[in-house]
Amino acid sequence: MDQIRLWLSGFIPGPMMVNSTERLRACCGALLGILLTGLVSHWALGPTAALPLLIAPMGASAVLLFGVPASPLAQPWSIIGGNLVAAVIGVACARWIPDPLFATSIAVSAAIGAMFALRCLHPPSGAVALTAVLGGPAVTGLGFHFVLAPVLLNSVLLLLVALLFNNATRRRYPHVAHADPGKLHQTKDQPSGRRVGFTQADLDYVLQQYNQVLDVSRDDLENLILQTELHAYQRRFGAITCADIMSRDVVSVEYGTSLEDAWALLLKHRIKALPVINSARRLIGIITQTDFMRQANLQVYTGFDQKLKQFIRRTTSTHSDKPEVVGQIMTSAVQSAEADAHIVELVQPLSDSGIHHIPIVDGQRRLVGMVTQSDMVAALYRGNANLTTP
């Protein structure tokens, strides 16, 4: 009896871990997508067109494009390529196979095989193939024109709305794979964050053994596993925040600080980075030794000292093309963290993103501290020591 109950429980999926805002976002996206696709199709084809302005599979495509835009099945090539190849196959089967039952069966089967081969698997495309065979006289009478309108027209319009709506509502679409941090230093070594725990090869092996299509991209799956590990790590370590480990007496500069003075501060305090703040102490950038070297064209060591001195020395003339102040060479898109953030949030940027210093800010983005790689190493060591101490 328990086995039957367990088997029957598989008929009902688990709860969806999305909030009401995300559900409303998906519903609004589908509303706009179908409405605009229908209106533009009506305008393009004319009010007296014999063919349907919208085909039913667009409803299923809307579920994917707006409900699960991160899915590999919802990407641009999936909807365009999948719907096109399914339409072509469906029309061909309708024309050349007299029996509708055999025509639909072969059309859907062949469409799935073609989508696998072309890497454009899109579930609603199976319905496109079915519609091409069973759509009635208005559809079958179009022949291969059905592929262009309404299939291609509907698909392109719905995709354009999805591109605009998803990005406007902060959903990355199309779902581009995350940049590989292993290329940061142009070496064969794995990033430090990947030298412990599971590797990409481990994940590839497990996915190969699983041997089923997952409705989640490979890099998203890897990121979810890593985030789970970080959350478990945070739970074990307790609430160690950036405020607990940061340096508070931070040497900083302003936009108008001269390069010569900024370089002198780096040398005096034996540090490698200076946060850049405005008059209200709000963080507006960061300047590092690397910024000086890059701007001074120090790719080679010939005349290194002389080049650097010439670069930071103040120009006596009124007009000069040479940078003079910090604001001209600083990095504006500086990664920062809030003081109450858990230190586990800094692991990835400090280990794999080539960042060595992270300014810490308060709720008004005022500079309150700095966390370096050294601070993180010490904090993680002490946290681990506290866990293992009897």
(request) Mind checking which helices (runs of 4 or more DSSP H) fall wholly inside segment 1-95 and carry at least 3 residues that are within 31 Å of the chain's Cα centre (by Cα) and of a type in the set (Ser, Thr, Tyr)? (result) 20-45
(request) Check whether at least one residue in segment 125-135 is under 30 Å from Arg25 (Cα atoms) and within 29 Å of the chain's Cα centre (by Cα), and report yes or no. (result) yes
(message) Only one of Ala87, Ala111, Ala103, Ala62 is closer than 30 Å to Glu222 by Cβ and either in contact (Cβ under 8 Å) with a residue 24 or more places away in the chain or of a type in the set (Asp, Glu) (or both). Can you tell me which?
(response) Ala62
(request) Go through (1) in contact (Cβ under 8 Å) with a residue 12 or more places away in the chain; (2) under 30 Å from Gly143 (Cβ atoms) one by one and return the number of the condition Leu39 breaks. (result) (1)
(message) Filter segment 213-255 down to the residues that are among the hydroxyl-bearing types (Ser, Thr, Tyr) and surrounded by 15 or more Cβ atoms within 10 Å (Cβ to Cβ) and list them by number.
(response) Ser217, Tyr233, Thr241, Ser247, Ser252, Tyr255
(request) May I ask you to say which residue of Gly59, Gly90 is modelled with pLDDT of 95 or more and either in contact with a Phe, Trp or Tyr (Cβ under 8 Å, 6 or more places away or on another chain) or crowded, with 16+ Cβ neighbours inside 10 Å (or both)? (result) Gly90
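The values are calculated or read from the model by the stated rules, or taken from the named source; none is laboratory data. Values in this document were obtained by computation on a predicted structure and should not be read as measured data. Glycine also receives a Cβ, built like all others from the backbone with ideal geometry; neighbour counts cover every protein chain displayed.
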